[in-house]
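Here's the structure, in structure tokens; my notes come after.
The values are calculated or read from the model by the stated rules, or taken from the named source; none is laboratory data. Note that the structure is predicted; figures quoted are calculated from it, not measured. Glycine gets a Cβ as well: all are built from the backbone with ideal geometry, and neighbour counts include every protein chain shown. Ligands, DNA and RNA are stripped out before the accessible areas are found, and what is left, the full protein with its side chains, is counted by its heavy atoms. Shrake-Rupley method; radii C 1.70, N 1.55, O 1.52, S 1.80 Å.
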Amino acid sequence: AQIRYSIPEELTRGAFVGNIAKDLGTDVAKLAAANLQVLSDSDSQYFSVNVNTGVIMVSERIDREQLCGQNPRCFLHLKLAIENPVEFYRIEVEILDINDNAPEFPSDEVSLRIYELASLGARFPIQPAQDPDVGTNTLQTYHLSANENFNLNVKARTDGGKFPELVLERALDRELRAFHHLVLTAEDGGSPPQSSKTHITIQVLDANDNHPVFDRPSYGARLVENSPLGTLVVKLNATDVDEGPNGDIRYSLSSHNSAALRQIFAIDEQTGEIRVQGNLDFEEATVYEIEVEAKDMGSPTMEEHCSVVVEITDVNDNAPEVILTSFSSSLSEDAPPGTVVAVIHVRDRDSGEQGKVQCHVSPDLPFQLRKDYEHQYSLLTSTHLDREHIAYYNVTISASDLGSPPLSRHTILPIALADVNDNAPQFEQASYEVLVAENNPVGSVLVTVSAADPDSEQNSRLSYSILRAGGTDPGLDPTSYLSIHPTSGQVSAKLPFDYEQTTYLQFHVEVSDGGSPALRNRTLVHVFIVDQNDNAPRVHFPRAGEESTTQFRISPSTAPPALITKVVAIDADSGRNAWLSYHLVEATDPGLFSVALRSGEIRIMRALQDTDASAHELLVVVRDAGDPPLSTAVTLVVLVEEKGPEALQGSEARATDGGGLPMITLYLIVSLVLISTVSLVGLAALAARCL
């Protein structure tokens, strides 16, 4: 037989299940005597039987959900065994569910991340709550807390499971609300119902739906030109309400900016700082307008633009410039004062007072500046020029602006003076005096005349020539004796001079330059012929004729120092070369006669004796004082005899002491004195001239 009982779960230990004796219709005593035993199909003994009363009781806690899970019906099977006779009874205990379990979510916190551009109607499943109870005690419904964006949809499956879904009913805006906090409640059908809650946190994921925004539509800055590299111009500030990469902003210079501007300014893409990286020059640009763009890192990228106006303040950083509009580096030395040498244009790239320029030249130069009009000057000669005094000028044009401190620039104009033939040649000496020894070789240089011309090039090329001097002997042509080299001025002899014919010569040397017309000058040259000992003395008396001896007669009674005769000689030379001396070289009786050294007088030195020879031969040498000396010899024969006719006697010998000098001797002495005096005066004048 089989008996079925129904009991709710979770009965306390000892709770009544049923009376087996009553249900089997058996006496209780009989059951006790029959050795009643309870056998269970499970390992646990959930039930026990009181053999004295026949009541089946709960012996252990019964959890239907643990025993049967989600099965709609849950049974525990027992077997009752009795002896005498052996009989088995099957007892089926149905465990009825009670609402002892509330629905339970897997987690108390649920996090969802939803793209802010999610479409309306989009569904977002939530892990369902679990309720181990069955029937009406299990999970029956869900409730969602009130909100503006989401509704709850519960999806039922064929197995009875219910799955909640969030349905997007209104568009999300992360920038308006980045997080949504909802409460989802699961409720079963028990009485009273049980429920549980889970907190849903919805993070709205950012979409790049907002572009960056600058805090100002435009920026302005003012910088001084030549600001150092790295100078901060301005710091930009742009914001993007998006987040993450969508709100991460990068700054850059717009492609609309010129390449030149990109070389001057640079921007930090992270901080938005614009700094100077090139040269700021007011003269090139007074204002820079920089186009800047801010881009986020979203996809697709969104960007915003703004402009930065940078004004440049001028400083005095440019020196004046000097530009030669017209310039001649060569100027004729005879240019009159006021001649324009150069036309100069000046400019300064700075502005205002810093761009005004003043020019001047040194007052020590023969030049001056004339201001024609603003920014233009003319360089003029201020005085007469003389190339021979200064041939070359470096004229410094000084241009200064009115800045503080002022800047200046110096330009040097090299000006060379072109020569004009305005200077006649000048000899080094007004006159030249030359001593020339006679018998000079042909072609020997007597003197070199030198002249100088301070002019240049062709105007200073000199040519020399010989001219007759005024007051000279018309028959004496200097060009027949002399020649001059036309460029060196060397005066050479064409013929040897003979002092005995010409003792003095003067002539003019003319020099002319190569200018047009040529300028000339003259100098006087005095040539003094110096005597040489080139003539031997010549005996004029006694005349020996073709024979080499001359005879004289004297009386035996001639008393000493009677003049026997006189040797008279003449030397065509002059000076020392004509100073004659007489020497008795040989005599028959050396002590009987003597010859006066200077006069040539032959006198008897002692009285004649009978023992003396009747004829005496005397060899007289006449010698000049030249170097080397030249000489002439004459032989005299003195015959001692009574006075008689002197057929061979060239002159009568006189025994008297007081006889006068012969006339020729007097002439010779006077001539010698005059010649010596003239020579001494000439030498003294020459020496004084040289000194």
Item to check | Selection from A615, Y251, F124, by position along the positive dipole direction of the chain (Cβ) | outcome: A615
Item to check | Angle between the chain longest axis and helix 663-690 axis [Cα atoms, degrees, rounded to 10] | outcome: 10 degrees
Checklist entry - Just how far, in whole angstrom, is segment 49-78 from segment 302-320 if you go by their alpha carbon centroids? => result 95 Å
Checklist outcome for this item: For F163, the accessible surface traced by a 1.4 Å probe with all protein chains present amounts, in square angstrom to the nearest 10, to 60 Å²
Item to check | Dipole magnitude of segment 538-640, debye to nearest 20 (Cβ charges: Lys/Arg +1, Asp/Glu -1, about Cα centre) | outcome: 320 debye
Next on the checklist: I need the phi-derived Karplus couplings for segment 325-333: 6.51 cos²θ - 1.76 cosθ + 1.60, θ = phi - 60°, integer Hz, Gly and Pro marked x.
Outcome noted: 6, 8, 7, 10, 7, 10, 9, 5, 5
Checklist entry - Mind listing the phi-derived Karplus ³J(HN,Hα) values for segment 420-437, rounded to whole Hz, using 6.51, -1.76 and 1.60 with θ = phi - 60°, and x for any glycine or proline? => result 10, 6, 10, 10, 6, x, 10, 6, 5, 10, 5, 8, 10, 10, 10, 9, 10, 6
Item to check | 5 angstrom amide H check on I3, placed H, neighbours 5+ away | outcome: R90, I91, E92
Item to check | Cα pair distances of the chain binned at 20 Å [whole percent] | outcome: 11, 14, 12, 10, 10, 9, 8, 7, 6, 6, 4, 2, 0
Checklist entry - Sorted by packing (mean other beta-carbon atoms within 10 Å per residue), highest first, where do 249-259, 122-132 land? => result 122-132, 249-259
Checklist entry - In whole Hz, what ³J(HN,Hα) sequence does segment 573-587 give by Karplus (6.51, -1.76, 1.60; θ = phi - 60°), x for Gly and Pro? => result 6, 10, x, 4, 5, 10, 7, 9, 10, 10, 9, 8, 8, 9, 8
Next on the checklist: As a test, work out the antiparallel percent of DSSP beta bridges whose residues both lie in the chain, rounded to the nearest 5.
Outcome noted: 80 percent
Checklist entry - Among the Cys residues of the chain, which have no other cysteine Cβ under 4.7 angstrom away? => result C306, C359, C690
Next on the checklist: Excluding same-chain pairs closer than 8 in sequence, count the lysine pairs in the chain whose Cα atoms lie under 21 Å apart.
Outcome noted: 8
Checklist outcome for this item: By the mean-Cβ-within-10 Å protection proxy, highest first, 430-442, 616-628 rank as 616-628, 430-442
